[in-house]
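A.B. asks: Got a structure for you, questions after.
The values are calculated or read from the model by the stated rules, or taken from the named source; none is laboratory data. This one's a predicted model, so the numbers in the text were calculated from it and none came from an experiment. Cβ placement follows ideal geometry from the backbone for every residue including glycine, while neighbour counts extend to all protein chains displayed. Surface accessibility is based on the protein's heavy atoms, side chains included, excluding ligands, DNA and RNA. Shrake-Rupley method; radii C 1.70, N 1.55, O 1.52, S 1.80 Å.
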Protein chains: 2
Amino acid sequence: MSPYDPSAFPPFAVTVDLVVLTVRHHALCALSVRRGESPFQGRWALPGGFVRDDEDLSQAAARELAEETGLRAQNGAHLEQLATYGDPQRDPRMRVVSVAHLVLAPDLPAPRAGGDARSARWASVDTLLTESGQDHAGDAAPLAFDHGRILADGVERARSKIEYSSLATAFCPPEFTVGELRRVYEAVWGVALDPRNFHRKVTGTVGFLVPTGGTTTRQGGRPAQLFRAGGAALLNPPMLRPEV
Amino acid sequence: MSPYDPSAFPPFAVTVDLVVLTVRHHALCALSVRRGESPFQGRWALPGGFVRDDEDLSQAAARELAEETGLRAQNGAHLEQLATYGDPQRDPRMRVVSVAHLVLAPDLPAPRAGGDARSARWASVDTLLTESGQDHAGDAAPLAFDHGRILADGVERARSKIEYSSLATAFCPPEFTVGELRRVYEAVWGVALDPRNFHRKVTGTVGFLVPTGGTTTRQGGRPAQLFRAGGAALLNPPMLRPEV
DNA sequence: CCAAAAGTGTTCACCCTACACCCATGT
DNA sequence: ACATGGGTGTAGGGTGAACACTTTTGG
């Protein structure tokens, strides 16, 4: 039997779904869109769409990201492949394999609706995941399809990756202070960190932060130095997440 | 436009490819199969095959693993999803998205050929990757398709995962000595580790190893205690890979 | 006896934590 | 003046690296 006989394999639809994370108001938030059609009409879901015939998976993810948020990857945001979900029952109408991608973005202006979504919003991942985990009466409802599971996997990936990489800077604007970076860690991990030790740690790790020379008082108090993300991708030693 | 109109999205073939790693003769080895058909006829490739209509991705990977090696996952071996590869040009005939999986297995009997492969072999990853990276005259040739890249990603995943998880025990038989476990780390990382400090470290990490009470002299020298893998999945503190 | 592998003890440097303390701004 | 956040100093405990040393087998 030839493995490429067209009758020898079943056809699949392939989509990309996006876990777009940002930090707003001291909370880790994810982008969700309201579904305009059945199934799960009116429910919240992750943004995403079909992969086109001539594009790679990462290109499809970047295109969907631009369509849904206006954000361009490699322009402050980080995009990486997360995992692929292919349960035969995950879409009730047909066999769909979804390649989920993770995007870490700085705090953005209000998202714009795009594609086939009626509207889009930022919501705290705690809200989205507890809604997803439980059936509630009223407005709250779990995310469509298996998107609750996908979001949880993306959040877990982000939480562990900022520990040993410099990815936390992807949540910050181009220039940021040590305190702003610390609040990113605190929001993503949901813990309080010692400001003094944090400062010593990140400024002492070579290649993590590059001072720009400027200062700012936008957080109040004494003027703080501004930094850009340094070139180092891996943190050695890593940031240590406090025990739970 | 309806996103589920059958004419609105291109059809894909979805496959699983397997990076099956083991430690043989002090070297990290991967399973490769000889391709029986065009394209890349006669070249070495990773084992894999089409996902069937009614099975999940992990089920497809476990089925292919059993077909190619006779190995059953969850029976000593570890199986996890690695990444998904979907470049439009990765297969010259049609659009194929491949969900690669990583398998870590103890040293096995000689592999049996299965599925559509003429033959199968274990080869050191160094050999497979340098063959893949360079064009050689004669018998050596790069792996088919983008399998060199997939193998490299799998090796990198294995190298980093044994650092902070107890997965290295998946390379060992059900009962093993501290020295045997150390030789796994040395083969996967390609470094020499201090036997004394390694012993103290792994036996001092609670939940990593469980003594069975037995001893063995199969490695020569003083009898060594035998251990089974403990329940702990995450190592805290992690094993530290020496600087390069 | 000797080689080889398994374990144990000890020392030193470094790093993480905790917290006291000082600095520079806005109101 | 004082509240607020930024930043430095320092002492104590824990851990990893290096290596001397003892233990227990096979040949």
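A.B. asks: List every residue pair whose Cβ atoms sit under 6 Å apart, with the two residues 6 or more apart in sequence or on different chains, where the first one lies in region B:217-236 and is touching a residue at least 60 places away in the same chain (Cβ under 8 Å) and the second, anywhere, is within 15 Å of DNA strand D (Cβ to nearest atom) and open to solvent by 80 Å² or more (accessible area, probe 1.4 Å).
C.D. replies: B:L235/B:Y164
A.B. asks: Does A:R118 qualify as being modelled with pLDDT under 90, assigned by TED's automatic domain parsing to the domain that holds A:H26, basic (K, R) and touching a helix residue (DSSP H, G or I) at 6+ places or on another chain (Cβ under 8 Å)?
C.D. replies: So A:R118 does not fit the description; no.
A.B. asks: Please name all residue pairs, on different chains or six or more residues apart, with Cβ atoms under 8 Å, provided the first residue is in region A:188-205 and is closer than 25 Å to A:C29 by Cβ and the second residue is modelled with pLDDT of 95 or more and among the acidic types (D, E).
C.D. replies: From region A:188-205, the pairs are A:A192/A:E186; A:L193/A:E186.
A.B. asks: Right, another one. Look through A:L71, A:L65 and report the one residue that is more than 10 Å from every other protein chain (Cβ to nearest Cβ) and open to solvent by 10 Å² or more (accessible area, probe 1.4 Å).
C.D. replies: Unique residue meeting the criteria: A:L71.
A.B. asks: Being more than 9 Å from DNA strand C (Cβ to nearest atom), surrounded by fewer than 17 Cβ atoms within 10 Å (Cβ to Cβ) and farther than 30 Å from B:P242 by Cβ narrows it down to one of A:G214, A:G230, so name that one.
C.D. replies: Result of the check over A:G214, A:G230: A:G214.
A.B. asks: Would you mind finding the one in B:E156, B:E163, B:E180 that is more than 10 Å from DNA strand C (Cβ to nearest atom) and either out of contact with any Leu (no Cβ under 8 Å at 6 or more places or on another chain) or at pLDDT below 95 (or both)?
C.D. replies: Just one listed residue meets the conditions, B:E156.
A.B. asks: Would you check if there is a residue in region A:183-191 being outside any helix (DSSP H, G or I) and more than 28 Å from A:L79 (Cβ to Cβ)?
C.D. replies: no
A.B. asks: Out of (1) modelled with pLDDT under 95; (2) within 12 Å of another protein chain (Cβ to nearest Cβ), what's the single condition that is false for B:R95?
C.D. replies: Just one mismatch for B:R95, condition (1).
A.B. asks: Further question: Could you list, in sequence order, all residues of region A:30-67 that are touching a His at 6+ places or on another chain (Cβ under 7 Å) and closer than 17 Å to A:L104 by Cα?
C.D. replies: Of everything in region A:30-67, those that are touching a His at 6+ places or on another chain (Cβ under 7 Å) and closer than 17 Å to A:L104 by Cα turn out to be A:L46, A:A61.
A.B. asks: When you check B:Q81 against the structure, is it within 14 Å of chain A (Cβ to nearest Cβ), closer than 22 Å to B:V155 by Cβ and surrounded by fewer than 21 Cβ atoms within 10 Å (Cβ to Cβ), yes or no?
C.D. replies: Taking the combined requirement at face value, the residue satisfies it.
Condition check ((1) exposed (fewer than 12 other Cβ atoms within 10 Å of the Cβ); (2) within 16 Å of DNA strand D (Cβ to nearest atom)) across all residues:
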position: B:T169; (1), (2): no, no
position: B:Y185; (1), (2): no, yes
position: B:N197; (1), (2): yes, yes
position: B:Q219; (1), (2): no, yes
position: B:R222; (1), (2): yes, yes
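A.B. asks: For the condition within 9 Å of DNA strand C (Cβ to nearest atom) and among the aromatic types (F, W, Y), what is the one hit in A:F171, A:F198, A:F208?
C.D. replies: A:F198
A.B. asks: Given the condition open to solvent by less than 20 Å² (accessible area, probe 1.4 Å), hydrophobic (A, V, I, L, M, F, W, C), within 9 Å of chain A (Cβ to nearest Cβ) and touching a helix residue (DSSP H, G or I) at 6+ places or on another chain (Cβ under 6 Å), answer yes or no: does some residue in region B:46-62 qualify?
C.D. replies: yes
A.B. asks: Continuing with this model, one more query. Say whether the condition of being more than 14 Å from chain B (Cβ to nearest Cβ), surrounded by fewer than 17 Cβ atoms within 10 Å (Cβ to Cβ) and small (G, A, S) is met by at least one residue in region A:35-44.
C.D. replies: yes
A.B. asks: Does B:G86 satisfy being modelled with pLDDT of 95 or more and either assigned by TED's automatic domain parsing to the domain that holds B:L181 or at negative phi (or both)?
C.D. replies: yes
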